[in-house]
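S.K.: This is the structure, below, for whatever I ask next.
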Amino acid sequence: MKITLIASALTLSLTLLSSPAQAQWNKKQNDPQGAAAGANAQGTSANLEHCDEPMGTIAVVEEQEGDWYRYLTSDLRLPSTVPVIRMLIQQSNCFVVVERGRAMRNMMQERALEDSGELRSGSSFGKGQMVAADYTLNPSINFSQSNAGGIGAALGAFGGRLGGIGALVGGLKFKKAETMLTMIDNRSGVQIGVAQGSATKTDFNLGGFGGGSGGFGALGGYTNTPEGKALAAAFADAYNNLVRAMRDYKPQQVQGGLGKGGKLKVGN
């Protein structure tokens, strides 16, 4: 009975790894690698949306109090999603990224040194130089628990001879990763865009996110773990969907003006 189960699992995994549908998915997979400097980018995925000119400035802010973030950092041991999203944004040239994270402390420290008179003359850290963030982008993740662990465990019984296949099939700690990107207009506080992305079929093949080469390699677990690769693919999918929606953006109109009472009145 046990031998039959193992053989069936092996047959299933080899079929999925070699099937045309899986190969097609790999070709369509987003692959955020390389580097970006200003409007120039290197090693970008052909599937990443690109803009001829930016639509504005944007800051990426992560809500680290959520359950999804605790699962990401504690159970999956992956770092913040902010560097992944920043890389996608700058490589796409659709927005200009401005710093609103930890590096803000260093920026303000330099200004404090300027104010104290410790910096050299001409350092030019005076007031009025920081660029405003037109928009804020807020990421989140919804995890579905994996049920593929049993197959991975069965394949693992073969030991080192099939260790790679066992890790490939049973390596993910979740069955599906659904990501969401929410875009807020900072001047009005209005949500102007939201997009969802997902990475499916990754329980059996994550090979398209090759190995952490180029600038994206600095993201560590997002290029060398199955979970990280799946999440990077899901965020790339969400970002592409957001950019497509923003190209056709049309503001919502409320009779009488936004925030001025609305049409749904309450009783006396």
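S.K.: State the number of residues belonging to segment 180-202 that are modelled with pLDDT under 95 and touching a Gly at 6+ places or on another chain (Cβ under 8 Å).
M.R.: 0
S.K.: Could I ask something else about it? Could you list, in sequence order, all residues of segment 74-123 that are in contact with a helix residue (DSSP H, G or I) (Cβ under 6 Å, 6 or more places away or on another chain), outside any loop (DSSP other than H, G, I, E, B) and without any contact (Cβ under 8 Å) to a residue 60 or more places away in the chain?
M.R.: Scanning segment 74-123 gives a single hit, VAL97.
S.K.: Taking segment 39-66 only, how many residues are part of a strand (DSSP E or B) and either among the polar types (S, T, N, Q) or at pLDDT 95 or above (or both)? Talk me through it step by step, then tell me what you get.
M.R.: Looking only at segment 39-66, we keep the residues that are part of a strand (DSSP E or B), and these are 40-42, 57-60.
Within this subset, residues satisfying the condition of being either among the polar types (S, T, N, Q) or at pLDDT 95 or above (or both) are 40, 42, 57-60.
So the answer is 6.
S.K.: Please verify whether GLU63 is surrounded by fewer than 17 Cβ atoms within 10 Å (Cβ to Cβ) and either more than 25 Å from ASN224 (Cα to Cα) or in contact with a His (Cβ under 8 Å, 6 or more places away or on another chain) (or both), treating the condition exactly as stated. Working first, answer last.
M.R.: Values: surrounded by fewer than 17 Cβ atoms within 10 Å (Cβ to Cβ): yes; either more than 25 Å from ASN224 (Cα to Cα) or in contact with a His (Cβ under 8 Å, 6 or more places away or on another chain) (or both): no.
Answer is no for this residue.
S.K.: Taking only segment 70-96 into account, find how many residues are in contact with a strand residue (DSSP E or B) (Cβ under 6 Å, 6 or more places away or on another chain) and hydrophobic (A, V, I, L, M, F, W, C).
M.R.: 5
S.K.: Next question. State all residues of segment 114-136 that are under 34 Å from the mean Cα position of the chain (by Cα) and not aromatic (Phe, Trp, Tyr); if no residue qualifies, say none.
M.R.: Step one: list which residues in segment 114-136 are under 34 Å from the mean Cα position of the chain (by Cα), which gives 125, 127-136.
Scanning segment 114-136 gives LYS127, GLY128, GLN129, MET130, VAL131, ALA132, ALA133, ASP134, THR136.
S.K.: Sticking with this one: How many residues does segment 75-112 contain that are hydrophobic (A, V, I, L, M, F, W, C) and modelled with pLDDT under 90?
M.R.: Initially, segment 75-112 is screened for residues hydrophobic (A, V, I, L, M, F, W, C), giving 76, 78, 82, 84-85, 87-89, 94-98, 103-104, 107-108, 112.
Right, trim to modelled with pLDDT under 90 and you get 103-104, 107-108, 112.
The qualifying residues number 5.
The values are calculated or read from the model by the stated rules, or taken from the named source; none is laboratory data. As the structure is a computational prediction, the values presented were derived from the model and not from experiment. Here the Cβ is made from the backbone with ideal geometry for all residues, glycine too, and neighbour counts use every protein chain on show.
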